[in-house]
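Enquirer: I am attaching a structure below and will ask some questions about it afterwards.
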Amino acid sequence: MPLVLDTTVLIDALRGRPAADRIEQLMAEDELLLTTAINVEEIVRGLRPAEQEAVDLLVTGLRVVPIRRAEAERAGRWRREFAGQGVTLHQADCLIAAAAYSAAGGRLATANIKDFPMPELTVLEWPVGR
């Protein structure tokens with residue numbers, strides 16, 4: 001079953017933390033690993049100069065899922081619904097969540113589970129450094 005990897009997981013993998021081994025194991029098991037253009041942007045924005053080659057290798061091994069109209073509308077609905085409950089969600093997180101919902105049946109791996117409270121998602125906690 002496909003799995004979207006959030007930025008926290010990708011950063012851990014780039015830094016050689018245990019997430020790298022988990023990703024490698026999932027790839028060996030032919031798990032379809034995905035990320036979004038938003039996650040790629042977040043990685044590039046915080047890129048250390050010596051990490052460019054590693055980023056290229058990591059992202060090349062993943063399928064980058066698009067953000068289309070359906071995902072944009074779903075993200076907007078979530079932001080509106082949660083705002084009505086007094087909960088502020090970030091635009092990027094809602095777009096990532098919507099992409100995970102569309103492309104991976106809602107499966108998302110992240111260290112920031114609080115950023116993804118949408119009941120339609122299956123959020124897998126991959127704590128930083130573990």
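Enquirer: Looking only at the range 12-36, count every residue that is under 28 Å from ARG68 (Cβ atoms) and open to solvent by 60 Å² or more (accessible area, probe 1.4 Å) and tell me the total.
Expert: The qualifying residues number 3.
Enquirer: Can you tell me how many residues within the range 102-125 are under 13 Å from MET1 (Cα atoms), assigned to a strand (DSSP E or B) and open to solvent by less than 40 Å² (accessible area, probe 1.4 Å)?
Expert: Counting residues in the range 102-125 that are under 13 Å from MET1 (Cα atoms), assigned to a strand (DSSP E or B) and open to solvent by less than 40 Å² (accessible area, probe 1.4 Å) gives 2.
Enquirer: Look through the range 78-101, keep the residues that are open to solvent by 60 Å² or more (accessible area, probe 1.4 Å) and in contact with a helix residue (DSSP H, G or I) (Cβ under 9 Å, 6 or more places away or on another chain), and return whichever of them is farthest from LEU3 (Cα to Cα).
Expert: THR88
Enquirer: Next up: Please specify each residue of the range 37-54 satisfying the condition of being open to solvent by 70 Å² or more (accessible area, probe 1.4 Å) and either modelled with pLDDT of 90 or more or aliphatic (A, V, I, L, M) (or both).
Expert: GLU41, VAL44, ARG45, ALA50, GLN52, GLU53
Enquirer: Suppose we keep only residues that are outside any helix (DSSP H, G or I) and in contact with a Gly (Cβ under 8 Å, 6 or more places away or on another chain) within the range 1-11. Which one would you say is most open to solvent (accessible area, probe 1.4 Å)?
Expert: MET1
Enquirer: Something else: Please tell me if ALA70 is in contact (Cβ under 8 Å) with a residue 12 or more places away in the chain, more than 13 Å from ASP6 (Cα to Cα) and either of a type in the set (A, V, I, L, M) or open to solvent by less than 20 Å² (accessible area, probe 1.4 Å) (or both).
Expert: yes
Enquirer: If I filter the range 55-67 down to residues being out of contact with any strand residue (DSSP E or B) (no Cβ under 7 Å at 6 or more places or on another chain) and in a loop (DSSP other than H, G, I, E, B), which single residue comes out as surrounded by the fewest Cβ atoms within 10 Å (Cβ to Cβ)?
Expert: Top of the filtered list is PRO66.
Enquirer: Select from the range 96-130 the residues that are closer than 22 Å to ARG69 by Cα, under 10 Å from the mean Cα position of the chain (by Cα) and of a type outside the set (Val, Ile, Thr) and list them in ascending order.
Expert: If the condition is that a residue be closer than 22 Å to ARG69 by Cα, under 10 Å from the mean Cα position of the chain (by Cα) and of a type outside the set (Val, Ile, Thr), then ALA97, ALA99, ALA100, ARG107, LEU108 are the ones that fit.
Enquirer: Here are the criteria: (1) assigned to a helix (DSSP H, G or I); (2) more than 16 Å from ALA104 (Cβ to Cβ); (3) not polar (S, T, N, Q). Tell me which single one LEU26 does not satisfy.
Expert: (2)
The values are calculated or read from the model by the stated rules, or taken from the named source; none is laboratory data. All values derive from a computational prediction rather than experimental measurement. Neighbour counts run over all protein chains shown; Cβ positions are idealised from the backbone, glycine included. The protein model used for the area step is the full one, side chains on, heavy atoms only, and it has no ligands, DNA or RNA in it. Shrake-Rupley method; radii C 1.70, N 1.55, O 1.52, S 1.80 Å.
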